[in-house]
Each structure stands twice: as structure tokens, then as C-alpha cells.
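Novice: Here you go, one structure.
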Amino acid sequence: MKKYFFLAFASLIFLAGCTSKPVKTIENLKAGIKGETTASAKYAAFAEKAKTEGHDTIAKLFEAASKAESIHAANHLKALESLGEKMEDFKPQFEVKTTKENLQAAIEGESYEATTMYPQFLADAKTEKVAKAEKSFNWAFDTEKKHLSFYKNALVALESKTERTLAYNYFVCPVCGNTYDKATVSEKCAFCNTSKNKFITI
Ligand SMILES: [Fe+2]
Ligand SMILES: [Fe+2]
């Protein structure tokens, strides 16, 4: 009899383990959706500001990054919903300053995502074994590292008045948000293998 009690108890523990929610990853996906949606709206506003200040190439970069962040937000949302969860409403909050300050703010934001936020989210998703979230976080993580480098170059160009050397066009992968300039665009997306002819031209 004791043996059956033990077996029933062990099965309950096992079932509880199987059905327990990946609490950390759910929280991280929500924070990621909020962060990416805010970044997308912020960069769109920064692009408008750059246009009014005559920084056309920098405006293009902000537009491309804005598109990429909206794809990351959509991917995180799909991952969240696949866990049976819903995203609550929120309003993106940000400030628009001069283009130089906006670039500095963008560099800070991307640095945080690339060095702190996504590495932690990825570690949690691995621990909680949420493959869909891990994939979505990885695509965003790898893209933010590229955005960081684009923004740093743009700030140097702005400060040295060599903005004309920056790209006039960007290509954004509609599946993973990977962002390319003309010099680095490849036939297939380096992150998700999507064909170049599907890329969004900015
Ligand atoms: Fe980014
Ligand atoms: Fe891609």
C-alpha cells in the first residue's frame, strides 16, 4: 500500500513539473515586447527628427531599426501567445531630443539589450526550456549587436561631418529583423535563411 502511495505522490510531482509555467520567460517575453515596441516607436520618431534636421542617412538608419524592432516585438508576442499568455496594454514612453542625443540614447538602449537584457533572457529561456522564446530572443540579440554598431558609426559620422559616407538604403529581414546595409547584404539571411528577395527595403 505504501508503495502505491509513493507512486501516486511521485506522479503528482512529475505532472506538476510538466505543467508548471515558465514564469521567468513569460515575464521576460512581456518585458521584451514592451522594450521592442517602445524602441520601434522611438526610432520612428527619431527618424522624423533626423529628417527635419537634414540628417537623411541617419533618418534611414532609424527607420530600418524601427522596422526591425517591430518584427522582434511581433516574434516575442507569438512566443508569448504560444504559452497561452496574453500581453497587457501599455503606452511607449520616450523622449525626442537632437539627433546627436537621439543617437546616444539609441546606443545606450542597444548596449543594454545586447550586453545585459538578452543574455539574461536567453539564459532563463534555456533553463526553462522554452525553445520558441529562445529563438526569438536570439534573433533580437544578434540584431541589436548590429544596430549598436550601425549607431556607433552614425554618431562618428555625425560628429566628423561625414554622414554622406553612411548607407542610403537598408534591408530588413521580415522574419527575424536582421538589418543589413548594401555592403553587407547577403543572398540569404544569416540568422534565419530567408531569401534576400523577401527583405524589406528601407
Ligand atoms: Fe535594435
Ligand atoms: Fe532573417
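Novice: What do you get when you divide the Cα radius of gyration of the range 30-111 by 2.2 N^0.38 Å, with N the number of residues?
Specialist: Compared with the compact-globule rule of thumb, the range 30-111 sits at 1.17.
Novice: Okay, moving on. Write out the trypsin sites (Lys or Arg not before Pro) in the range 129-176 meeting two conditions: DSSP loop, and at most 13 other Cβ atoms within 10 Å of their Cβ.
Specialist: On the way: sites: Lys129, Lys132, Lys135, Lys145, Lys146, Lys152, Lys161, Arg164; in loops: Lys129, Lys161.
Loop-located and lightly packed - Lys129, Lys161.
Novice: Then there is this: Report, in cubic angstrom per residue, the convex hull volume of the C-alpha atoms of the chain.
Specialist: Here the figure is 120 Å³ per residue.
Novice: Report the net charge of residues surrounding Asn197, where surrounding means a beta-carbon distance below 11 angstrom and charges are Lys +1, Arg +1, Asp -1, Glu -1.
Specialist: Counting the neighbours of Asn197, the net charge comes to +2.
Novice: Next question, about the same structure. Once the Cβ-Cβ distance between Asp89 and Glu53 is put in as r, and R0 is 35 Å, what FRET efficiency do you end up with, to the nearest 0.05?
Specialist: For R0 = 35 Å, the calculated efficiency reads 0.60.
Novice: Add +1 for every Lys or Arg and -1 for every Asp or Glu among the other residues with Cβ under 12 Å from the Cβ of Glu187, and state the total.
Specialist: Net local charge, Glu187 excluded: +3.
Novice: With each run of n ≥ 4 DSSP H residues scored as -39500 (n - 2.57), what mean residue ellipticity at 222 nm is computed for the chain after dividing by its residue count and rounding to the nearest 500 deg cm²/dmol?
Specialist: -22000 deg cm²/dmol
Novice: Work out, step by step, the length gained on full extension between Thr201 and Asn169: first 0.36 nm times the residue separation, then minus their alpha carbon distance; give nm to one decimal. Could you put the intermediate results ahead of the total?
Specialist: Details: separation 32, 0.36 × 32 = 11.52 nm, distance 0.70 nm.
Length gained between Thr201 and Asn169: 10.8 nm.
Novice: I've got another one for you. Any chance you could check the Cα centroid distance between the range 92-162 and the range 54-89 for me, in angstrom?
Specialist: Taking the Cα centre of the range 54-89 as reference, the centre of the range 92-162 is 12 Å away.
Novice: Here's a follow-up. Please compute, over every Cα-Cα pair in the range 87-202, the percentage with a separation greater than 16 angstrom. Please report the intermediate quantities before stating the final value.
Specialist: Working: 4528 of 6670 pairs.
Of all Cα-Cα pairs in the range 87-202, 68 percent lie more than 16 Å apart.
Any read-out appearing in this document is the output of simple, stated calculations on the displayed coordinates, not a laboratory observation. As the structure is a prediction and not an experimental result, all values here were calculated from the model. So basically every Cβ, Gly included, is an ideal-geometry build from the backbone, and we count neighbours across all protein chains shown.
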